């Protein structure tokens, strides 16, 4: 098995394990894993599968509360991978630095995830009226959770980059799954 494959499998398991550990609500690696996969895993199928396997593996232990909401989370993660794959990661899409690119995709990814998953909560019609006012009420009610989503994305995104760079140094190989 290639080192890059071992690294991806390891990151999937690490991401799943962090969801199982006690953590603040929405402070998870799932968005960071999706962004990481979209940027650094060149195999398109593997880049889509990595964050989904991390979620699926942890969901086997955590269970799911609502199939519709869980589906919206999985679809959002796929959307994030596809979104960052549209950027030219090698040229950093016109950004002056890799750091600025990472910060921008972290914010964009967190906002995308927030909007899509909370739209699904609203679309169910269980908690909020199915009108524009209900949609806005849903988004406002979810704002306290967004802070943890954003901080978790940056924390775990940084951790994934550190693990990747450390592994590359250790093996002296460029990782491109």
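The values are calculated or read from the model by the stated rules, or taken from the named source; none is laboratory data. Worth saying up front: this structure is predicted, and the values here are computed from it rather than measured. Please note: Cβ atoms are built from the backbone with ideal geometry, for glycine as well, and neighbour counts cover all protein chains shown.
Checked against (1) at pLDDT below 85; (2) part of a helix (DSSP H, G or I); (3) surrounded by 13 or more Cβ atoms within 10 Å (Cβ to Cβ), residue 89 passes all but a single condition, namely (2).
For segment 117-130, check the following and say yes or no: at least one residue is modelled with pLDDT under 90, touching a helix residue (DSSP H, G or I) at 6+ places or on another chain (Cβ under 7 Å) and at positive phi. No, there is no match, as no residue in segment 117-130 is modelled with pLDDT under 90, touching a helix residue (DSSP H, G or I) at 6+ places or on another chain (Cβ under 7 Å) and at positive phi.
Checked against (1) surrounded by 13 or more Cβ atoms within 10 Å (Cβ to Cβ); (2) in contact with a helix residue (DSSP H, G or I) (Cβ under 8 Å, 6 or more places away or on another chain); (3) touching a residue at least 40 places away in the same chain (Cβ under 8 Å), residue 43 passes all but a single condition, namely (2).
Among residues of segment 46-63 that are within 15 Å of residue 79 (Cβ to Cβ), those with a beta-carbon under 8 Å from a residue that is not in a helix (DSSP H, G or I) at least six positions away or on a different chain give the pairs 47/41; 47/177; 50/41. Filtered by the rule that a residue be over 11 Å from the mean Cα position of the chain (by Cα) and within 13 Å of residue 105 (Cβ to Cβ), segment 72-83 gives 82, 83.
Report yes if residue 56 is closer than 19 Å to residue 148 by Cα, surrounded by 13 or more Cβ atoms within 10 Å (Cβ to Cβ) and more than 12 Å from the chain's Cα centre (by Cα), otherwise no. No; evaluated as a whole, the condition is false for this residue.
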